[in-house]
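Engineer: Dumping the structure here so I can ask a few things about it.
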Amino acid sequence: MAEAFKFELVSPERLMVSEDVEEVVVPGQEGYFTVLAKHAPVMATLQPGVIEVKTAAGQTERYCVFGGFVDIMPEACTLLAESAVNVNDIDPADIEQRISNAREDVEDAKDDDSRSKAMMYLDQLTTLQGAILPA
Amino acid sequence: MPSLKDLRSRISSVKSTQKITQAMQMVAAAKLRRAQEAAEAARPYSQRMGAVLANIAQTLGDADDAPKLMVGTGASDTHLLVVCTAERGLCGGFNSSIARLARDHARKLLGQGKTVKIITVGKKGYDILRRDLGSHIIDRVDLRDVKRLGFSDADAIGKQVIDLFEKGEFDVCTLFYSEFKSVISQLPTAQQLIPASADGDSDAETGGDAAYEYEPDAAAILSDLIPRNISVQVFRALLENSASEQGARMSAMDNATRNAGEMIDKLTLDYNRQRQAQITKELIEIISGAEAL
């Protein structure tokens, strides 16, 4: 059995999760990575994606995050999400809404830099939609 | 001397006022609990954010390429004041004390020959400031339809502020709101948003001195974090404000209820005294009438 560490998932509105976990998979800006206990200190920004939390009790929970960042220490991991929902409670309409907002952003973008950023975000959102919604 | 009938209707009208103020007090108490919970629930996020920011800022040091949002434009000619107030009145001096703080600040800046721009959040602040600073108000945000304050509301305001900053519309941004100390004490506060002031929450816990690895890299994270931090600060201010508003309303309505009670007591006393006087007068009339026979 893997060693447990403290994991906190915080959204601006409230503290969503605070418990001992064995491993957490987070969607870093440069790809998904797994955090175990005694991880080297890392600070990473997140892309929209699914985090998978394996609790010390052995259950697996999945949450959907839309951007944010994660602060990893050897004995703790804090994820500050811009907004987060449990995958079970997710509302397909909400994602549709976010995607259409992102599309507008792409159209409104004034320069290439912001357009490519907006397009990347849109791309990540559609991938996320494909990943969590059963086709 | 008011007649008995006048007194009766006075008493009944004060009684119904008392009922209203009492109901408002109870509503405010219930809302206060919710607002307080929301403010407390949001605290971990802004604390962690402050800690992380302080950490990165420390790592980066005083690099020349530090984001403008953090170090400012170097000038301080144009000031943007974001004034957060309530949507409703009847909450004691809550709105006027925030507005007064903002107005004094604006006057001071104008006296120094600086340009002042104002964004008001909430209807009451706009109503108060419109009178003598109307020409400086560049925008107003209405939260009237917002049932439950969400991060997205604050985020919209934060984005607007950043937008204006990037267009070079102002150099310094100050946020005005009321800090929630306790139910009976709310403190109007001015907080500098841009450039980020060094103090604030950062001294809470700086996450130790661990050598972090950054992904993608520290500068990129910082440029991502700072705009978000502004939204978080606005969000925190709005939550503090809504808790303060309910607290202020609760004590104002408590006072009003008590005053109405005192007034009713006094009026009832007058009423009874007059009623007795009238009975005595009638008795004297009857007796002296009987004696005359």
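Engineer: Restricting to the stretch A:41-51, name every residue that is hydrophobic (A, V, I, L, M, F, W, C) and within 7 Å of another protein chain (Cβ to nearest Cβ). First the steps, then the outcome.
Structural biologist: At the first step, the residues of the stretch A:41-51 found to be hydrophobic (A, V, I, L, M, F, W, C) are A:42-44, A:46, A:50-51.
Those that are hydrophobic (A, V, I, L, M, F, W, C) and within 7 Å of another protein chain (Cβ to nearest Cβ): A:Val42, A:Met43, A:Ala44.
Engineer: Pick from A:Val106, A:Val85: which is crowded, with 16+ Cβ neighbours inside 10 Å, over 24 Å from B:Asp217 (Cβ atoms), among the β-branched types (Val, Ile, Thr) and more than 16 Å from the chain's Cα centre (by Cα)? So that I can check it myself, show each step before the final result.
Structural biologist: Numbers: A:Val85 fails: more than 16 Å from the chain's Cα centre (by Cα).
Among A:Val106, A:Val85, only A:Val106 is crowded, with 16+ Cβ neighbours inside 10 Å, over 24 Å from B:Asp217 (Cβ atoms), among the β-branched types (Val, Ile, Thr) and more than 16 Å from the chain's Cα centre (by Cα).
Engineer: Could you tell me which numbered condition B:Ala218 fails, if it satisfies all but one of (1) in contact with a helix residue (DSSP H, G or I) (Cβ under 7 Å, 6 or more places away or on another chain); (2) closer than 29 Å to B:Glu40 by Cα; (3) within 14 Å of chain A (Cβ to nearest Cβ)?
Structural biologist: Every listed condition holds for B:Ala218 apart from (2).
Engineer: I'm checking my understanding of the structure. Among residues of the stretch B:19-57 that are of a type outside the set (A, V, I, L, M) and away from chain A (no Cβ under 12 Å), which one is farthest from the chain's Cα centre (by Cα)?
Structural biologist: Just the residues of the stretch B:19-57 that are of a type outside the set (A, V, I, L, M), to begin with: B:19, B:21-22, B:25, B:31, B:33-34, B:36-37, B:40, B:43-48, B:50, B:55.
Now drop any that are not away from chain A (no Cβ under 12 Å), which leaves B:19, B:21-22, B:25, B:31, B:33-34, B:36.
Values: B:Lys19: 26, B:Thr21: 20, B:Gln22: 22, B:Gln25: 17, B:Lys31: 14, B:Arg33: 16, B:Arg34: 16, B:Gln36: 13 Å.
Checked the stretch B:19-57; the qualifying residue farthest from the chain's Cα centre (by Cα) is B:Lys19.
Engineer: Across the stretch A:14-40, which residue is surrounded by the fewest Cβ atoms within 10 Å (Cβ to Cβ) among those that are of a type in the set (D, E, K, R) and within 12 Å of chain B (Cβ to nearest Cβ)? Outline the logic, then answer.
Structural biologist: First, pick out the residues of the stretch A:14-40 that are of a type in the set (D, E, K, R): A:14, A:19-20, A:22-23, A:30, A:38.
With within 12 Å of chain B (Cβ to nearest Cβ) added as a condition, the list becomes A:14, A:30.
Numbers: A:Arg14: 15, A:Glu30: 11.
Result: A:Glu30.
Engineer: Report yes if B:Glu205 is within 14 Å of chain A (Cβ to nearest Cβ) and modelled with pLDDT under 85, otherwise no. Spell out how you get there, then give the answer.
Structural biologist: On the way: within 14 Å of chain A (Cβ to nearest Cβ): yes; modelled with pLDDT under 85: yes.
Taking the combined requirement at face value, the residue satisfies it.
Engineer: Show me the helices (runs of 4 or more DSSP H) found entirely inside the stretch B:53-141 where at least 2 residues are within 24 Å of B:Asn229 (Cβ to Cβ). Talk me through it step by step, then tell me what you get.
Structural biologist: Working: elements: B:68-71, B:94-111, B:123-133.
Per the criteria, B:68-71, B:94-111.
Engineer: Just for the stretch B:47-86: of the residues that are at pLDDT 85 or above and closer than 30 Å to B:Val183 by Cβ, which one is surrounded by the fewest Cβ atoms within 10 Å (Cβ to Cβ)? I'd like the intermediate steps shown before the answer.
Structural biologist: Within the stretch B:47-86, the subset at pLDDT 85 or above is B:77-86.
Filter once more, keeping what is closer than 30 Å to B:Val183 by Cβ: B:81-86.
Values: B:Leu81: 26, B:Val82: 26, B:Val83: 30, B:Cys84: 27, B:Thr85: 31, B:Ala86: 24.
Of everything passing the filter in the stretch B:47-86, B:Ala86 is surrounded by the fewest Cβ atoms within 10 Å (Cβ to Cβ).
Engineer: While we're on this one: For B:Lys15, are the conditions met, namely being modelled with pLDDT of 95 or more and basic (Lys, Arg)? Walk me through how you get there before you give the answer.
Structural biologist: On the way: modelled with pLDDT of 95 or more: yes; basic (Lys, Arg): yes.
Yes, satisfied.
Engineer: Related question: Just need a number here: residues in the stretch A:65-94 that are more than 9 Å from every other protein chain (Cβ to nearest Cβ) and within 19 Å of A:Glu22 (Cα to Cα).
Structural biologist: 6
Engineer: Would you call B:Tyr271 aromatic (Phe, Trp, Tyr) and either within 17 Å of B:Ala42 (Cβ to Cβ) or more than 10 Å from chain A (Cβ to nearest Cβ) (or both)? Full working, then the answer.
Structural biologist: On the way: aromatic (Phe, Trp, Tyr): yes; either within 17 Å of B:Ala42 (Cβ to Cβ) or more than 10 Å from chain A (Cβ to nearest Cβ) (or both): yes.
The answer is yes for B:Tyr271.
Engineer: Of the conditions (1) within 13 Å of B:Ser244 (Cβ to Cβ); (2) assigned to a strand (DSSP E or B), B:Leu32 clears all except one; give me its number.
Structural biologist: All conditions are met except number (2).
The values are calculated or read from the model by the stated rules, or taken from the named source; none is laboratory data. Here the structure is a predicted model, which is why all the values come from computation and not from measurement. Ideal geometry is used to build each Cβ from the backbone, glycine not excepted, and the neighbour counts take in all protein chains shown.
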